[in-house]
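Have a look at the structure below before the remarks.
The values are calculated or read from the model by the stated rules, or taken from the named source; none is laboratory data. Note that the coordinates shown come from a computational prediction; the quantities given were computed from them, not determined experimentally. Every residue, glycine among them, receives a Cβ derived from its backbone with ideal geometry; neighbour counts consider all protein chains shown.
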């Protein structure tokens with residue numbers, strides 16, 4: 001059996017290039033569109049090479065890109081130099097986030113914002129427990145990485161078919177990591193986690209999944225949570241004093257631990273960021289302006305608490321913070337929770 005300690009680390013040149021392109025797609029989409037040519041990718045590869053020792057450098061042989069769709073809805077399929085070690089990528093695929101699947105065909109988004117938000121997929125070399133090699137399909141966002149089982153072979157066609165299945169919801173994830181992307185080869189800090197969470201919510205379709213059956217691959221930690229039946233039931237649960245106490249309690253403890261001088265500016269910054277996010281993204285889903293305003297305020301309180309917990313993990317005793325943010329990004333509405341688990345959502 002091969003243990004993680006036995007697996008060779010990915011080559012730095014290969015890995016840094018992969019993360020540079022993923023980061024560009026998730027955080028700087030205009031730069032991705034402008035640079036996704038053979039010449040632009042080669043320039044990125046060479047720029048990374050310039051910062052490495054001669055022993056770490058790899059020739060860009062095999063690096064290429066194929067562009068599908070059109071200027072309003074481009075799909076970029078990048079082929080990397082052949083991978084040799086686990087976690088090195090065969091391919092990267094970037095497509096507009098609103099892309100849809102009909103049958104076995106993928107249709108890129110043709111919305112006006114089609115090139116302002118991308119989904120990112122890849123196929124990486126992976127090592128089995130017996131030492132054998134296979135390919136692993138990966139779906140990256142700003143705040144998590146999902147692994148899917150290997151396609152039938154490491155060909156571009158098999159990878160493309162796997163991507164279509166992921167988008168259609170027919171390919172089941174085998175592992176999800178709730179962690180911020182390593183941006184440009186740096187280790188993410190707590191502040192990076194919070195910023196990545198906001199970026200992920202900004203890319204999501206807010207509350208789009210409420211009332212719908214759970215999709216394939218929902219994490220097991222939500223298996224025992226109850227789905228509420230209606231907006232009326234959801235609002236009744238959201239407005240209970242117990243739920244408000246569960247959110248404000250950790251905040252009061254943080255306030256005491258930090259002191260007012262440090263706490264005030266932090267809260268003001270997070271309040272401003274979440275208010276701006278909700279003003280742009282929150283849909284008016286309820287019948288009256290008053291109800292929508294109350295729901296928006298409740299969500300803002302949740303978001304501030306969860307983001308504070310990401311930024312101040314040593315102070316915040318709010319273990320469900322990442323679960324709240326995950327559900328919001330999935331278009332769901334967390335309605336009730338205990339100390340360490342979500343108990344109901346819509």
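Looking only at segment 51-84, how many residues end up being crowded, with 16+ Cβ neighbours inside 10 Å, under 19 Å from residue 126 (Cβ atoms) and touching a strand residue (DSSP E or B) at 6+ places or on another chain (Cβ under 8 Å)?
Matching residues across segment 51-84 total 4.
With the checklist (1) assigned to a helix (DSSP H, G or I); (2) at pLDDT 85 or above in hand, flag the one item residue 272 doesn't pass.
Unmet for residue 272, out of (1) assigned to a helix (DSSP H, G or I); (2) at pLDDT 85 or above: (2).
Regarding segment 317-331, can at least one residue be identified that is more than 16 Å from residue 245 (Cα to Cα), surrounded by 17 or more Cβ atoms within 10 Å (Cβ to Cβ), at pLDDT 85 or above and over 17 Å from the mean Cα position of the chain (by Cα)?
no
Within segment 76-104, how many residues turn out to be over 18 Å from residue 62 (Cβ atoms) and modelled with pLDDT of 70 or more? Steps first, please.
Narrowing segment 76-104 to residues over 18 Å from residue 62 (Cβ atoms): 86, 94-104.
Within this subset, residues satisfying the condition of being modelled with pLDDT of 70 or more are 86, 94-102.
Residues that pass the stated criteria total 10.
Can you give me the ranges of the strands (runs of 3 or more DSSP E) entirely in segment 1-97 with at least 1 residues that are under 19 Å from residue 142 (Cβ atoms) and out of contact with any helix residue (DSSP H, G or I) (no Cβ under 7 Å at 6 or more places or on another chain)?
Working: elements: 64-68, 75-79, 89-96.
Once the strands (runs of 3 or more DSSP E) in segment 1-97 are filtered for at least 1 residues that are under 19 Å from residue 142 (Cβ atoms) and out of contact with any helix residue (DSSP H, G or I) (no Cβ under 7 Å at 6 or more places or on another chain), what remains is 75-79, 89-96.
Scan segment 243-254 and tell me whether some residue there is in contact with a strand residue (DSSP E or B) (Cβ under 8 Å, 6 or more places away or on another chain) and more than 27 Å from residue 142 (Cβ to Cβ).
Of all residues in segment 243-254, those in contact with a strand residue (DSSP E or B) (Cβ under 8 Å, 6 or more places away or on another chain) come to 243, 246.
Applying the additional criterion that residues be more than 27 Å from residue 142 (Cβ to Cβ) yields 243.
The answer is yes, given that some residue of segment 243-254 is in contact with a strand residue (DSSP E or B) (Cβ under 8 Å, 6 or more places away or on another chain) and more than 27 Å from residue 142 (Cβ to Cβ).
Report yes if residue 162 is in the same structural domain as residue 275 (by TED's automatic domain parsing), modelled with pLDDT of 85 or more and buried (at least 18 other Cβ atoms within 10 Å of the Cβ), otherwise no.
Values: in the same structural domain as residue 275 (by TED's automatic domain parsing): no; modelled with pLDDT of 85 or more: yes; buried (at least 18 other Cβ atoms within 10 Å of the Cβ): yes.
For residue 162, the condition - in the same structural domain as residue 275 (by TED's automatic domain parsing), modelled with pLDDT of 85 or more and buried (at least 18 other Cβ atoms within 10 Å of the Cβ) - is not met.
So is residue 213 surrounded by fewer than 16 Cβ atoms within 10 Å (Cβ to Cβ) and either part of a helix (DSSP H, G or I) or modelled with pLDDT under 75 (or both) or not?
Details: surrounded by fewer than 16 Cβ atoms within 10 Å (Cβ to Cβ): yes; either part of a helix (DSSP H, G or I) or modelled with pLDDT under 75 (or both): yes.
Yes.
Determine if segment 327-342 includes at least one residue that is part of a helix (DSSP H, G or I), in contact (Cβ under 8 Å) with a residue 24 or more places away in the chain and out of contact with any strand residue (DSSP E or B) (no Cβ under 6 Å at 6 or more places or on another chain).
Within segment 327-342, one or more residues are part of a helix (DSSP H, G or I), in contact (Cβ under 8 Å) with a residue 24 or more places away in the chain and out of contact with any strand residue (DSSP E or B) (no Cβ under 6 Å at 6 or more places or on another chain).
Name the residues in segment 280-302 that are without any contact (Cβ under 8 Å) to a residue 40 or more places away in the chain and outside any loop (DSSP other than H, G, I, E, B), would you? Give the steps one after another, and end with the answer.
Narrowing segment 280-302 to residues without any contact (Cβ under 8 Å) to a residue 40 or more places away in the chain: 284, 287-290, 292-293, 296-297, 299-300.
Selection gives 289, 290, 292, 293, 296, 297, 299, 300.
Please give the number of the condition residue 293 fails out of (1) out of contact with any helix residue (DSSP H, G or I) (no Cβ under 8 Å at 6 or more places or on another chain); (2) surrounded by 15 or more Cβ atoms within 10 Å (Cβ to Cβ); (3) under 19 Å from residue 210 (Cα atoms).
Tallying (1) out of contact with any helix residue (DSSP H, G or I) (no Cβ under 8 Å at 6 or more places or on another chain); (2) surrounded by 15 or more Cβ atoms within 10 Å (Cβ to Cβ); (3) under 19 Å from residue 210 (Cα atoms), residue 293 fails exactly one: (2).
Which of the residues belonging to segment 174-194 are crowded, with 18+ Cβ neighbours inside 10 Å and at pLDDT 70 or above?
Hit for segment 174-194 is 194, nothing else.
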